[in-house]
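Visitor: Have a look at the structure that comes next, please.
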Amino acid sequence: MAKMHIEMTVNGRSVDGLAEPRMLLIHFLRERLGLTGAHIGCETSHCGACTVDLNGQSVKSCTVFVAQANGAEVSTIEGMAPAGELHAIQEGFTQEHGLQCGFCTPGMIMRTYRLLQENPDPTEEEIRVGLSGNICRCTGYQNIVKAVRYAAEKMNAAKEAAE
Amino acid sequence: MIPANFEYHRPSSVDEAISLLTRYGDEGRLLAGGHSLIPLMKTRLAAPSHLIDIQAIDDLKQVGEAGGELTLGALVTQAELIASETVADTCPILREAALLIADPQVRYCGTVGGNVANGDPGNDMPALMMCLGARYALQGPDGEREVAARDYYEAAYFTAINEDEVLTEVRIPVPAAGHGYAYSKMKRKVGDYATAATAVVLTLKGGKCASASIALTNVGQTPLFAEAAGQALVGSAVDGKAIAAAVAAAEQIADPVSDMRGPPDFRRHVAGVMTQRAIETALSRAKGG
């Protein structure tokens, strides 16, 4: 069957390429665009390691066909520090020891990004519910919750300072 | 996990989707949020050669309420359902159940229409729609027909929809003001299907149960409308005796298979426990608690 011409905006940059419509978004990002930050964990939409932002929503990119994302805006972990300076969320994960092996971290950070867009000052419970689609097998989550709080506080302080 | 290849279509109207379904017959499948169909395609339990992605049909994305009826477009996502004030005000059991479906990422994608249409007995919305007395609008080449949720499910993955039809809207009679409701679900972990779950909507009048509707998730080939369980409550003060009768009636129709969630006896027992909890919660809400 024919390949499709795929166009999308990834981390603010227009990209295009030919792909079979059955190709999964995660494979397109990793294999065609070389964006290997989003990870393939379970490939069954459970673990959340492949989480990216698609049209303003967190999605598991192992359960989206590239054809569905044709024309979409996508953000991945590679877009979080465009000027080489860590995003507040990335800083939170480093400062609060929110990772050990790091495999789940790109998904955790992208999910945290969307969570904080929707709820800039989440409680511990809201963070735990908000990140319930992302599995971490190292940390026990305590420090991930702290990392998200760190990021929320820093982002809110920056917003207040700007106002 | 690479699915079989397919040709991709993205119609912009329901009519266009219907004509694609008509053209491709059993080789065509509708794709909404994709979180039921894509896993089936990855394991090749489904291998449609034409995938008809309805994401661009904006007509199917509305939530409305008029004349005592709540309408949910088929493409309303679980996340939108959770965020909708109209839904929270008129029919809060929908929000309660949607919050128990999968996880945030999946709820951004998963749609009401997809959840009710495909006939997966693990899905939560079908039993809920049976409980609420909802009707599904099915649009095909010859126009629209309505099928009651209670008549829609025939067996696992077999439903009353025809190959050339699109489920466009779910129509729910708004429950009476002050009704009690609950969706109680036992699941092993976030993202799991129910070991068993029960939806209850009831109303009280003068301290007695004036109406009660109960349905069960994932304890049979289809969602189950537990009519006798509801009847066991009507006219009673919803006391321990009436609740025990309703629980027994629910357990009697539960016919779960053995799976990794447990053997049939256990899952039937859980269906009873969920029914009891849902009735008690619904009762306390109806009393204003």
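The values are calculated or read from the model by the stated rules, or taken from the named source; none is laboratory data. Keep in mind that this is a model prediction, so the values were computed, not measured. Here the Cβ is made from the backbone with ideal geometry for all residues, glycine too, and neighbour counts use every protein chain on show. The protein model used for the area step is the full one, side chains on, heavy atoms only, and it has no ligands, DNA or RNA in it. Shrake-Rupley method; radii C 1.70, N 1.55, O 1.52, S 1.80 Å.
Visitor: Just to be sure before I move on: is A:Ile26 β-branched (Val, Ile, Thr), free of Cβ contacts under 8 Å to residues at least 40 places away in the same chain and buried (at least 21 other Cβ atoms within 10 Å of the Cβ) in the structure I sent?
Guide: On the way: β-branched (Val, Ile, Thr): yes; free of Cβ contacts under 8 Å to residues at least 40 places away in the same chain: yes; buried (at least 21 other Cβ atoms within 10 Å of the Cβ): yes.
In short, yes.
Visitor: Another question about this same structure. Go through the residues of the range B:200-209 one by one and say whether even a single one is among the hydroxyl-bearing types (Ser, Thr, Tyr) and under 28 Å from A:Gly130 (Cα atoms).
Guide: Step one: list which residues in the range B:200-209 are among the hydroxyl-bearing types (Ser, Thr, Tyr), which gives B:203.
Remaining after also requiring under 28 Å from A:Gly130 (Cα atoms): none.
Checked against the condition, which is being among the hydroxyl-bearing types (Ser, Thr, Tyr) and under 28 Å from A:Gly130 (Cα atoms), the range B:200-209 yields no hits at all.
Each row is one residue, and each column tells you yes or no for (1) within 10 Å of the chain's Cα centre (by Cα); (2) under 17 Å from B:Gly110 (Cα atoms); (3) away from chain B (no Cβ under 14 Å).
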site	(1), (2), (3)
A:Ile40	no, no, no
A:Val52	yes, yes, no
A:Lys60	yes, yes, no
A:Val64	no, yes, no
A:Leu86	no, no, yes
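Visitor: Name the residues in the range A:69-108 that are small (Gly, Ala, Ser), in the same structural domain as A:Arg137 (by TED's automatic domain parsing), in a loop (DSSP other than H, G, I, E, B) and buried (at least 19 other Cβ atoms within 10 Å of the Cβ), would you?
Guide: A:Gly98
Visitor: Another question about this same structure. Report yes if some residue within the range A:31-40 is crowded, with 19+ Cβ neighbours inside 10 Å and among the polar types (S, T, N, Q); otherwise report no.
Guide: Looking for residues that are crowded, with 19+ Cβ neighbours inside 10 Å and among the polar types (S, T, N, Q), one finds none in the range A:31-40, hence no.
Visitor: Further question: With the structure loaded, tell me whether B:Ile82 is within 14 Å of chain A (Cβ to nearest Cβ) and either farther than 13 Å from B:His35 by Cβ or out of contact with any Asp or Glu (no Cβ under 6 Å at 6 or more places or on another chain) (or both) or whether it fails that test. Let's see the steps before the verdict.
Guide: Numbers: within 14 Å of chain A (Cβ to nearest Cβ): yes; either farther than 13 Å from B:His35 by Cβ or out of contact with any Asp or Glu (no Cβ under 6 Å at 6 or more places or on another chain) (or both): yes.
Criteria met by B:Ile82.
Visitor: Just name the residue that is most open to solvent (accessible area, probe 1.4 Å) out of those in the range A:1-23 that are within 14 Å of chain B (Cβ to nearest Cβ) and acidic (Asp, Glu).
Guide: Among residues in the range A:1-23 that are within 14 Å of chain B (Cβ to nearest Cβ) and acidic (Asp, Glu), the one most open to solvent (accessible area, probe 1.4 Å) is A:Glu7.
Visitor: Same structure again: Which condition does B:Gly64 not pass, out of (1) within 12 Å of another protein chain (Cβ to nearest Cβ); (2) surrounded by fewer than 22 Cβ atoms within 10 Å (Cβ to Cβ), if it passes all the others?
Guide: Single failed check for B:Gly64: (1).
Visitor: When both residues are 6+ apart or on different chains and their Cβ atoms are under 7 Å apart, which pairs have a first residue that lies in the range B:14-41 and is more than 11 Å from every other protein chain (Cβ to nearest Cβ) and on the phi > 0 side of the Ramachandran plot, and a second that is open to solvent by 20 Å² or more (accessible area, probe 1.4 Å) and not polar (S, T, N, Q)?
Guide: Matching pairs, first to second residue: B:Gly25/B:Glu163.
Visitor: Then there is this: Looking for something at positive phi and of a type in the set (Gly, Ala, Ser) - is there at least one such residue anywhere in the range A:112-135? Lay out the reasoning, then the answer.
Guide: Within the range A:112-135, the subset at positive phi is none.
No, the range A:112-135 contains no residue that is at positive phi and of a type in the set (Gly, Ala, Ser).
Visitor: Run down B:Arg285, B:Arg267, B:Arg261 and say which single residue is open to solvent by 50 Å² or more (accessible area, probe 1.4 Å) and under 22 Å from B:Met125 (Cα atoms).
Guide: On the way: B:Arg267 fails: open to solvent by 50 Å² or more (accessible area, probe 1.4 Å); B:Arg261 fails: open to solvent by 50 Å² or more (accessible area, probe 1.4 Å).
One residue alone meets the criteria, B:Arg285.
Visitor: Could I ask something else about it? Please state which one of B:Met129, B:Met186 is closer than 30 Å to B:Ala210 by Cα and assigned by TED's automatic domain parsing to the domain that holds B:Thr281.
Guide: On the way: B:Met129 fails: assigned by TED's automatic domain parsing to the domain that holds B:Thr281.
On inspection, the qualifying residue turns out to be B:Met186.
Visitor: State all residues of the range A:132-148 that are open to solvent by less than 60 Å² (accessible area, probe 1.4 Å), in contact (Cβ under 8 Å) with a residue 24 or more places away in the chain and not β-branched (Val, Ile, Thr); if no residue qualifies, say none. Break it down into steps so the answer makes sense when it comes.
Guide: Of the residues in the range A:132-148, the ones open to solvent by less than 60 Å² (accessible area, probe 1.4 Å) are A:132-136, A:138-140, A:143-145, A:147-148.
Within this subset, residues satisfying the condition of being in contact (Cβ under 8 Å) with a residue 24 or more places away in the chain are A:133-136, A:138-139, A:143-144, A:147-148.
Of everything in the range A:132-148, those that are open to solvent by less than 60 Å² (accessible area, probe 1.4 Å), in contact (Cβ under 8 Å) with a residue 24 or more places away in the chain and not β-branched (Val, Ile, Thr) turn out to be A:Gly133, A:Asn134, A:Cys136, A:Cys138, A:Asn143, A:Ala147.
Visitor: Mind telling me which of the residues B:Glu27, B:Glu80, B:Glu65 ends up being among the acidic types (Asp, Glu) and within 14 Å of B:Val112 (Cα to Cα)?
Guide: Working: B:Glu27 fails: within 14 Å of B:Val112 (Cα to Cα); B:Glu65 fails: within 14 Å of B:Val112 (Cα to Cα).
Testing whether each residue is among the acidic types (Asp, Glu) and within 14 Å of B:Val112 (Cα to Cα) leaves just B:Glu80.
Visitor: Moving on. With respect to B:Ser213, is the statement that it is among the hydroxyl-bearing types (Ser, Thr, Tyr) and open to solvent by 20 Å² or more (accessible area, probe 1.4 Å) true?
Guide: Numbers: among the hydroxyl-bearing types (Ser, Thr, Tyr): yes; open to solvent by 20 Å² or more (accessible area, probe 1.4 Å): no.
When the stated conditions are applied, B:Ser213 does not pass them.
Visitor: Report whether or not A:Ser45 is crowded, with 18+ Cβ neighbours inside 10 Å, of a type outside the set (Asp, Glu) and modelled with pLDDT under 95. Give the derivation first.
Guide: Details: crowded, with 18+ Cβ neighbours inside 10 Å: yes; of a type outside the set (Asp, Glu): yes; modelled with pLDDT under 95: yes.
Spelling it out, A:Ser45 is indeed crowded, with 18+ Cβ neighbours inside 10 Å, of a type outside the set (Asp, Glu) and modelled with pLDDT under 95.
Visitor: For the range A:132-163: of the residues being in contact with a Ser or Thr (Cβ under 7 Å, 6 or more places away or on another chain) and within 14 Å of another protein chain (Cβ to nearest Cβ), which is nearest to A:Leu86 (Cα to Cα)? Explain how you work it out, then say what you get.
Guide: So in the range A:132-163, the residues in contact with a Ser or Thr (Cβ under 7 Å, 6 or more places away or on another chain) come out as A:134, A:148, A:151.
Next, only the ones that are within 14 Å of another protein chain (Cβ to nearest Cβ) stay: A:134, A:148.
Numbers: A:Asn134: 21, A:Val148: 14 Å.
Looking at the filtered set, the residue picked out is A:Val148.
Conditions tested, residue by residue: (1) at pLDDT 95 or above; (2) within 29 Å of B:Arg95 (Cβ to Cβ).
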| position | (1), (2) |
| --- | --- |
| B:Met1 | no, no |
| B:Tyr8 | yes, no |
| B:Ala17 | yes, yes |
| B:Leu20 | yes, no |
| B:Tyr24 | yes, no |
| B:Gly33 | yes, yes |
| B:Leu51 | yes, no |
| B:Gln55 | yes, yes |
| B:Leu70 | yes, yes |
